[in-house]
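**Student:** Dumping the structure here so I can ask a few things about it.
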Amino acid sequence: MKINNRMNDTSRVNNDLAFDLLVMWYAFFQGLHIPVDIKSFVSLKRANSVFHYPPPIDGWSDQALNFFEILFVLDLINAILSLVFVYGFFKHARWRWWLGAIALTASICMIIVFDYATIASGAWDNNLAPYLSTNILLLPTWVLFFLFLRRSYSQPIFPPTLTGDENWKPEEE
């Protein structure tokens, strides 16, 4: 089985300064998520209902607060996985691309779910600035995600040995 590699030289991606800067931004942003998620989860568990984003006019419902608790836990797990991906990316670990695919996909899903939940609750109606500024800060994550997708069409994220190609050899670093 021959693999179609339009961009066989992955070092081109690895040495791309813009891509590296996006990965560093992703690490920084995900690193900030860890204390924020922990603080938010703990404050919600203490029934303080302190949430670092402004509520809708009627306040956050109990259902919304429970939803955010779960979202914070999932986001915390993803933030840790994301930092492991970034470490593997810069160390050129063999598993960096598949972990990156998981972490970046989870990040994009979290963004979409959080935005949907806060828009549907009406929180954006009178508090556009904090939500909009957060989404502007997340734009580099979207760019990294799409660049990562483009790269995944050029190189297999999962080694063909998992799909039965015995002739596959790992890429040279």
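The values are calculated or read from the model by the stated rules, or taken from the named source; none is laboratory data. A quick note: this is a predicted structure, and the numbers were derived from the prediction, not measured. Using ideal geometry, Cβ is built from the backbone for each residue, glycine included, and neighbour counts are taken over all protein chains shown.
**Student:** Yes or no: segment 45-61 includes at least one residue that is among the polar types (S, T, N, Q) and part of a helix (DSSP H, G or I).
**Tutor:** no
**Student:** Separate question: So which of 93, 129, 123, 106 ends up being touching a residue at least 12 places away in the same chain (Cβ under 8 Å) and either more than 18 Å from residue 36 (Cα to Cα) or touching a strand residue (DSSP E or B) at 6+ places or on another chain (Cβ under 8 Å) (or both)?
**Tutor:** Unique residue meeting the criteria: 123.
**Student:** Let me ask something else about it. What about residue 152, is it loosely packed, with under 12 Cβ neighbours inside 10 Å, assigned to a helix (DSSP H, G or I) and either at pLDDT 65 or above or out of contact with any His (no Cβ under 8 Å at 6 or more places or on another chain) (or both)? Before the answer, list the steps.
**Tutor:** On the way: loosely packed, with under 12 Cβ neighbours inside 10 Å: no; assigned to a helix (DSSP H, G or I): yes; either at pLDDT 65 or above or out of contact with any His (no Cβ under 8 Å at 6 or more places or on another chain) (or both): yes.
Considered against the rule, which asks whether it is loosely packed, with under 12 Cβ neighbours inside 10 Å, assigned to a helix (DSSP H, G or I) and either at pLDDT 65 or above or out of contact with any His (no Cβ under 8 Å at 6 or more places or on another chain) (or both), residue 152 comes out as no.
**Student:** Looking at (1) under 21 Å from the mean Cα position of the chain (by Cα); (2) surrounded by 12 or more Cβ atoms within 10 Å (Cβ to Cβ), which is the one condition that is false for residue 55?
**Tutor:** Checking residue 55 against (1) under 21 Å from the mean Cα position of the chain (by Cα); (2) surrounded by 12 or more Cβ atoms within 10 Å (Cβ to Cβ), the one that fails is (1).
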